[in-house]
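See structure below.
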Amino acid sequence: FHMETKASVPKGAVLMVRIPFADGRQVVANAEVVYSDPARGVGLRFQNLSEDNRILIESEVGRG
């Protein structure tokens, strides 16, 4: 998962992220930073993501 940010976040950091969706649903999960580029953003790998949340994220991201 890619998240745009101008913040400098070190590779390996664990973040708690909240992803809101237009219909009012949201996913809150821990994610490890797998790459970081302050000009472009960070790549995240979710940790212990439930199957329901994985499906929700994949379906919403696929709409973009």
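The values are calculated or read from the model by the stated rules, or taken from the named source; none is laboratory data. These numbers were taken from a predicted model, which means no experiment stands behind them. Counting neighbours? That spans all protein chains shown, and the Cβs are built from the backbone with ideal geometry, glycine included. Accessible surface is based on the protein model in full, side chains and every heavy atom, while ligands, DNA and RNA are left aside. Shrake-Rupley method; radii C 1.70, N 1.55, O 1.52, S 1.80 Å.
Brief remarks follow.
- Residues (under 11 Å from the mean Cα position of the chain (by Cα) and either farther than 17 Å from GLN47 by Cα or in contact (Cβ under 8 Å) with a residue 60 or more places away in the chain (or both)) located in the range 1-19: PHE1, GLU4
- Pair list, Cβ under 6 Å, 6 or more apart: the range 28-47 residue over 11 Å from THR5 (Cβ atoms), other residue of a type outside the set (Lys, Arg) and not in a strand (DSSP E or B): ALA29/LEU49
- Contact map, the range 49-64: residues that are surrounded by 11 or more Cβ atoms within 10 Å (Cβ to Cβ) and of a type in the set (A, V, I, L, M, F, W, C) paired with residues that are at pLDDT 80 or above and part of a helix (DSSP H, G or I), Cβ distance under 9 Å, separation 6+ or inter-chain. Pairs shown: LEU49/ILE57.
- Among (1) exposed (fewer than 11 other Cβ atoms within 10 Å of the Cβ); (2) over 14 Å from the mean Cα position of the chain (by Cα); (3) modelled with pLDDT of 90 or more - the single one ARG25 does not satisfy: (1)
- Residues that are assigned to a strand (DSSP E or B) and open to solvent by less than 70 Å² (accessible area, probe 1.4 Å) within the range 2-22 comprise MET3, LEU15, VAL17, ILE19, listed in sequence order.
- Residue check, GLU32 open to solvent by 40 Å² or more (accessible area, probe 1.4 Å) and assigned to a strand (DSSP E or B): yes
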